[in-house]
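Heads up, the thing below is written out as structure tokens.
The values are calculated or read from the model by the stated rules, or taken from the named source; none is laboratory data. If you're wondering where the values come from, they're calculated on a predicted model, not measured in any experiment. Heads up, the Cβs are rebuilt from the backbone with ideal geometry, glycines too, and the neighbour counts pull from every protein chain shown.
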Amino acid sequence: MKTIVITGSTRGIGHGMTVEFLKRKCRVMLSGRSQELVEAEVGRLAADYGKDTVAGLACEVTSPDQLQALWDGAVAAFGTVDIWINNAGVTHPTRNVAELKPAEMKSVIDTNVTGLVYATQVALKGMTALGGGFIYNMEGHGSHDEFIAGLSVYGTTKRAVTYFTSSLQLELEGTGVNACLLSPGIVLTDFILDELRKLPPERLEITKIVYNCLADTVETVTPWLAENILANKDGGATIAWLDTQKANARFESDEYNTRDLLSQFGF
């Protein structure tokens, strides 16, 4: 039975992975910024999967002290941590850099880069003391030099995540701790759907063509992620739901080119 900590796991991909790990008889420490929401989710999940399999604690990932408390809480609840997933992340409105507010840019950089590095350090120190483990960091748009006007700052943070994780794995050789990457592709979380609703009509129609072909739901992606995380034994691995080869195959597929995935969300 694996014990897993997931940051940003009260909704979206993080919550989906939490459910899938619990289905697979793992123990999960979930977290989010709101203690009230964390407690509500822990109560719901405990009712479904057992109170001894799930715990939670509010955590702002830009705070090293709160991250340490999250680690300590997981160890107190379950005795160990085998896998730590840095899922927490934010983005900014799709606007050019000149139009973004300093606070919007700071939030993205602080959460996606600084918070992830802090969290990795906490997990690394804890896992070293325990004798090993796996740290997973979440890739996103920009991780592999994709470019879209209006997502420059967000894409920069995700490129940094990829570099950091690959470089970190070199430092971890022989320690028993491993750093890996998760690449979920385009997942229709509430945040993504809210951003789509803000697009002007002409841009929305173009975006719908791409998303109907390449995007997937949380319920589709997270079972696959959970299975492959649990099966992985290799440090430095990238667990990618939608790599370039798969994306190209979808563009050439009649099934995916005629799919109307977004209609179920009111588009």
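List of remarks:
- Only one of the listed residues (L182, L188, L204) is touching a residue at least 60 places away in the same chain (Cβ under 8 Å), touching a Ser or Thr at 6+ places or on another chain (Cβ under 6 Å) and more than 23 Å from P102 (Cα to Cα). That residue is L188.
- Listed by position, the helices (runs of 4 or more DSSP H) contained in the range 200-267 that have at least 2 residues being of a type in the set (S, T, N, Q) are 201-214, 218-231, 244-251.
- Residue in the range 171-181 that is modelled with pLDDT of 95 or more, loosely packed, with under 14 Cβ neighbours inside 10 Å, among the acidic types (D, E) and part of a helix (DSSP H, G or I) present: yes
- Residues that are in contact with an Asp or Glu (Cβ under 9 Å, 6 or more places away or on another chain), closer than 19 Å to T7 by Cβ and of a type in the set (F, W, Y) do not occur anywhere in the range 148-155.
- Test result for D234, closer than 28 Å to K23 by Cβ, at pLDDT below 95 and either out of contact with any strand residue (DSSP E or B) (no Cβ under 7 Å at 6 or more places or on another chain) or exposed (fewer than 15 other Cβ atoms within 10 Å of the Cβ) (or both): no
- Residue among E39, E60, E20 that alone is surrounded by fewer than 24 Cβ atoms within 10 Å (Cβ to Cβ) and free of Cβ contacts under 8 Å to residues at least 24 places away in the same chain: E39
- In the set T120, T111, only one residue is under 22 Å from C26 (Cβ atoms), within 16 Å of the chain's Cα centre (by Cα) and not small (G, A, S); that residue is T120.
- Of the listed requirements (1) touching a His at 6+ places or on another chain (Cβ under 9 Å); (2) not in a helix (DSSP H, G or I), M105 misses just one: (2).
- Exactly one residue out of A103, A123, A149 is buried (at least 16 other Cβ atoms within 10 Å of the Cβ) and aliphatic (A, V, I, L, M): that is A123.
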